[in-house]
Amino acid sequence: RGKPHWVPLTQEVISEIDGWGVEPLLPYLLSNAGQRYSPDHLNSRWNRWRSSPDAAPLRKLDISIHDLRAMAVCDRRADGLPHQTIAAQLGMSLQMVMRYSQHVDKAAVAVRGLAKQELGGNRIVNVEGGD
């Protein structure tokens, strides 16, 4: 949308990216011609990579470039980061972060609830029908 995006990176990720041989202050992803990717060009490149032998372990997963944004949100939520922090890190609105993370948030609440029940000695019984 024409807005600058930035993402703070961990030292581990910085070390990985530094190994790519990209000059400082340049975009990490450049076309073979050394140009920034347009959204369509990047998506085409992504799909070509997904067809390559390197992507074989991921090929069966239906993941788009856009899905990577949602995965970044979910990974950060799984690490315990609050929605506001993720929104600031990824340059997203708070509402979008909450939308992307709603399923992992619900699962985390359910797991915590189950752990409390197990600690309290309560049993969960599936009762169908009944009066």
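The values are calculated or read from the model by the stated rules, or taken from the named source; none is laboratory data. This one's a predicted model, so the numbers in the text were calculated from it and none came from an experiment. All Cβ positions, even for glycine, are placed from backbone atoms using ideal geometry, and neighbour counts span all protein chains on display. Surface areas here come from the heavy atoms of the whole protein model, side chains and all, with no ligands, DNA or RNA. Shrake-Rupley method; radii C 1.70, N 1.55, O 1.52, S 1.80 Å.
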| task | Run E12 past the list (1) open to solvent by 90 Å² or more (accessible area, probe 1.4 Å); (2) modelled with pLDDT under 85 and report the number of the one that doesn't hold. | result | (2)
| Condition broken by L42, with the remaining ones in (1) in contact (Cβ under 8 Å) with a residue 12 or more places away in the chain; (2) among the aliphatic types (A, V, I, L, M); (3) under 27 Å from A107 (Cβ atoms) satisfied | (3)
| task | From Q84, Q117, Q102, grab the single residue that is at pLDDT below 85, assigned to a helix (DSSP H, G or I), over 12 Å from the mean Cα position of the chain (by Cα) and more than 21 Å from V13 (Cα to Cα). | result | Q117
| Just for segment 50-73: of the residues that are among the hydrophobic types (A, V, I, L, M, F, W, C) and within 24 Å of G91 (Cβ to Cβ), which one is modelled with the highest pLDDT? | V73
| Restricting the search to segment 18-37, which residues are at pLDDT 80 or above and among the β-branched types (V, I, T)? | none
| note | Screening D62, D75 for residues that are part of a helix (DSSP H, G or I), open to solvent by 50 Å² or more (accessible area, probe 1.4 Å) and free of Cβ contacts under 8 Å to residues at least 12 places away in the same chain leaves only D75
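For the subset of segment 28-70 comprising residues that are of a type in the set (K, R) and in contact with a Phe, Trp or Tyr (Cβ under 9 Å, 6 or more places away or on another chain), which member is nearest to V13 (Cα to Cα)? First the steps, then the outcome.
Initially, segment 28-70 is screened for residues of a type in the set (K, R), giving 36, 45, 48, 50, 59-60, 69.
If we keep only those that are in contact with a Phe, Trp or Tyr (Cβ under 9 Å, 6 or more places away or on another chain) too, we end up with 45, 69.
Numbers: R45: 22, R69: 16 Å.
Restricting to residues being of a type in the set (K, R) and in contact with a Phe, Trp or Tyr (Cβ under 9 Å, 6 or more places away or on another chain), the top hit is R69.
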